[in-house]
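Asker: This structure is in structure tokens; I'll ask about it shortly.
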Amino acid sequence: MADIDSQIHPDLFDKVTLVSLASTVAILAIAVLISRCVVPSSTSTTYKALFVWHAFDALIHFLLEGSFLYHCFFSYIPISDATTLDLASLHPTPANYLGRSDRVHGSQVGGDNPFAKLWMVYAKADKRWAGADVGVISLELLTVFGAGPLAVYICYLIAKRDPRVNIWLLVIATAELYGGFMTFCPEWLTGNSNLDGSNFMYLWVYLVFFNGLWVVIPLYVSYVAFGEISKAFSAASVSEKKTL
């Protein structure tokens, strides 16, 4: 337990940090590879890109955020096993979490598990991800078990060139934007007490860039989907007028 605090504040470019960043690039590469295998070559560049994004999105939700939930539920130590110094360095677990108040949960007690170490890297910038924050967990349950499968379904519809995909693109984009707002609004209202933007890496890479992806891209997804749905309504309106 003595190394918990050093996990949250290590050197900016240690081995764990570099491997964690590389894992995100690897997931993106897998998404690109999948798109080349299943998306018809005649598909527009826009929808090829949307396939890659949603494949990447699904993999992130299942692999990374799924692992976060795993550690929130299944990685824990009894409070009685921690010294006073250990407890001071841990992100506290809410009382009566999962019906108990005698445990500390989260990646912070995940030991040498690679995913626990990955989340401890991100916890440098947002301490909530080191432990079991019930607000974050509630959002991630919806993300992993709702948005993840929906992203896979969207990839399927794009591969099948099904125009109904635009409806679901709007749904998931709205959900992602709402989730991002609900993740950070509590921090904005409380003076960013769990956030650390003291250096370029924490502020611009972890907090702004990685979270900004789920703002900028969903906005673009909404723009594309809304445009396609509007075209469909316009075409239907013209067709209806011709039959009158």
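The values are calculated or read from the model by the stated rules, or taken from the named source; none is laboratory data. Note that the structure is predicted; figures quoted are calculated from it, not measured. Here the Cβ positions follow ideal geometry from the backbone for every residue, glycine too, while neighbour counts run over all protein chains shown.
Asker: Working carefully through the options Ile158, Ile172, Ile217, find the one that is touching a Phe, Trp or Tyr at 6+ places or on another chain (Cβ under 8 Å) and more than 22 Å from Asp126 (Cβ to Cβ).
Answerer: Unique residue meeting the criteria: Ile158.
To keep it simple, each residue is scored yes or no on (1) touching a helix residue (DSSP H, G or I) at 6+ places or on another chain (Cβ under 8 Å); (2) assigned to a helix (DSSP H, G or I); (3) free of Cβ contacts under 8 Å to residues at least 24 places away in the same chain; (4) of a type in the set (Ser, Thr, Tyr).
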| residue | (1), (2), (3), (4) |
| --- | --- |
| Leu87 | yes, yes, yes, no |
| His91 | yes, no, no, no |
| Gln108 | yes, yes, no, no |
| Trp119 | yes, yes, no, no |
| Leu139 | yes, yes, no, no |
| Thr143 | yes, yes, no, yes |
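Asker: Cβ-Cβ under 9 Å, sequence separation 6+ or interchain: first residue in segment 200-224 and within 23 Å of Tyr47 (Cα to Cα) and crowded, with 17+ Cβ neighbours inside 10 Å, partner modelled with pLDDT of 95 or more and of a type in the set (S, T, N, Q). Which pairs?
Answerer: Qualifying pairs under 9 Å: Pro218/Thr174; Ser222/Thr174; Val224/Thr46; Val224/Asn166.
Asker: Does any residue of segment 160-167 turn out to be closer than 20 Å to Leu69 by Cα and either loosely packed, with under 14 Cβ neighbours inside 10 Å or at pLDDT 95 or above (or both)?
Answerer: no
Asker: Which residues, taken from segment 39-59, are more than 20 Å from the chain's Cα centre (by Cα) and within 23 Å of Val171 (Cα to Cα)?
Answerer: Residues satisfying the conditions are Val39, Thr43, Ser44, Thr45, Thr46, Tyr47, Lys48.
Asker: Residues of segment 46-94 being of a type in the set (A, V, I, L, M, F, W, C) and touching a His at 6+ places or on another chain (Cβ under 6 Å), which ones?
Answerer: Cys72
Asker: Does any residue of segment 111-123 turn out to be surrounded by fewer than 21 Cβ atoms within 10 Å (Cβ to Cβ), under 30 Å from Arg36 (Cα atoms) and out of contact with any Asp or Glu (no Cβ under 7 Å at 6 or more places or on another chain)?
Answerer: yes
Asker: Being within 12 Å of the chain's Cα centre (by Cα), closer than 23 Å to Ser230 by Cβ and not aromatic (Phe, Trp, Tyr) is true for just one of Leu169, Leu150, Leu177, Leu141. Which residue is that?
Answerer: The conditions single out Leu177.
Asker: Which condition from (1) free of Cβ contacts under 8 Å to residues at least 40 places away in the same chain; (2) more than 16 Å from the chain's Cα centre (by Cα); (3) under 26 Å from Leu12 (Cα atoms) is the one that Lys124 breaks?
Answerer: (1)
Asker: Identify all residues within segment 127-137 that are touching a residue at least 60 places away in the same chain (Cβ under 8 Å) and of a type in the set (Gly, Ala, Ser); write none if there are none.
Answerer: Of everything in segment 127-137, those that are touching a residue at least 60 places away in the same chain (Cβ under 8 Å) and of a type in the set (Gly, Ala, Ser) turn out to be Ala130, Ala132.
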